[in-house]
Each structure stands twice: as structure tokens, then as C-alpha cells.
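Chemist: Got a structure here, written out as C-alpha cells. Questions coming.
The values are calculated or read from the model by the stated rules, or taken from the named source; none is laboratory data. Predicted, not measured: the structure shown is a model, and the values here were computed from it. With ideal geometry, Cβ positions are generated from the backbone for all residues, glycine too; neighbour counts draw on all protein chains shown.
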């Protein structure tokens, strides 16, 4: 089982963020909390499906208007689980946190 998470560029659009998300690996926080769009539940499900050691917990937060300039995708082995979900640019940190913990876990 090999999880891959990556970002692609997209045209800018504005989104309302009403959630806060924290990424955990085996119960330990490795990223966040960060403000997120309601669609974070789709990302959370995809990450956990690709590798159940990861959980992306989310909760309600104050409303923020945020610029989305990227989209995020999740793949497990050869199966794309989430394809190009709109997200903000600082999701790079989530991708890097996953890559770092996987490299250290080898």
C-alpha cells in the first residue's frame, strides 16, 4: 500500500472556509490545525482510505474567505481515490508532512 498526495495548479477562485483540519499519523499530529473548506471531509476520507495510519480530523471554525489556487489529489498504489479537489496553496504543508513521515517510516 503506497499513498501519494500531490497538488496541481488551478485557476484562482474564492471559497469560504468554515472548518479546521489537523493531520495525524498513528495518532500524532504532524500538520495543522489549518483552516479548510467544507470539502475537507472528502480529503479526510481519501487519505484514510489510502493509508489508515493517517487521519485528517476536522471541526467547525470561524468563517474565512480564502483564495484557492491549487487542487489536491490522493492515490493509493495505482488507484486515484480523490482527483483534483480545490484547495488553498498552503496545502503544500500537508503534502510535505505526509511525504516526510512516510520517508521516516521506511
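Chemist: Identify, please: which residue in segment 4-15 is over 12 Å from the mean Cα position of the chain (by Cα) and surrounded by 12 or more Cβ atoms within 10 Å (Cβ to Cβ) and is, among those, modelled with the lowest pLDDT?
Modeler: Applying the filter and picking the extreme gives 15.
Chemist: Which residues, taken from segment 37-54, are without any contact (Cβ under 8 Å) to a residue 24 or more places away in the chain and closer than 19 Å to residue 90 by Cβ?
Modeler: Listed by number, the residues that qualify are 38, 40, 41, 44.
Chemist: Further question: If you take the residues of segment 48-61 that are out of contact with any helix residue (DSSP H, G or I) (no Cβ under 7 Å at 6 or more places or on another chain) and part of a strand (DSSP E or B), which of them is surrounded by the fewest Cβ atoms within 10 Å (Cβ to Cβ)?
Modeler: 60
Chemist: Does segment 77-94 hold any residues that are modelled with pLDDT of 85 or more and surrounded by fewer than 17 Cβ atoms within 10 Å (Cβ to Cβ), and which are they?
Modeler: Matches in segment 77-94: 77, 78, 79, 80, 83, 84, 86, 92, 93.
Chemist: What are the residue pairs meeting all of these: first residue in segment 65-80, first residue touching a residue at least 40 places away in the same chain (Cβ under 8 Å), second residue surrounded by fewer than 18 Cβ atoms within 10 Å (Cβ to Cβ) and not in a strand (DSSP E or B), Cβ atoms under 6 Å, and 6 or more apart or on different chains?
Modeler: 69/89; 70/89; 77/2
Chemist: Limited to segment 18-47, what total is found for residues that are surrounded by 15 or more Cβ atoms within 10 Å (Cβ to Cβ) and not in a strand (DSSP E or B)?
Modeler: Summing the residues that are surrounded by 15 or more Cβ atoms within 10 Å (Cβ to Cβ) and not in a strand (DSSP E or B) in segment 18-47 gives 7.
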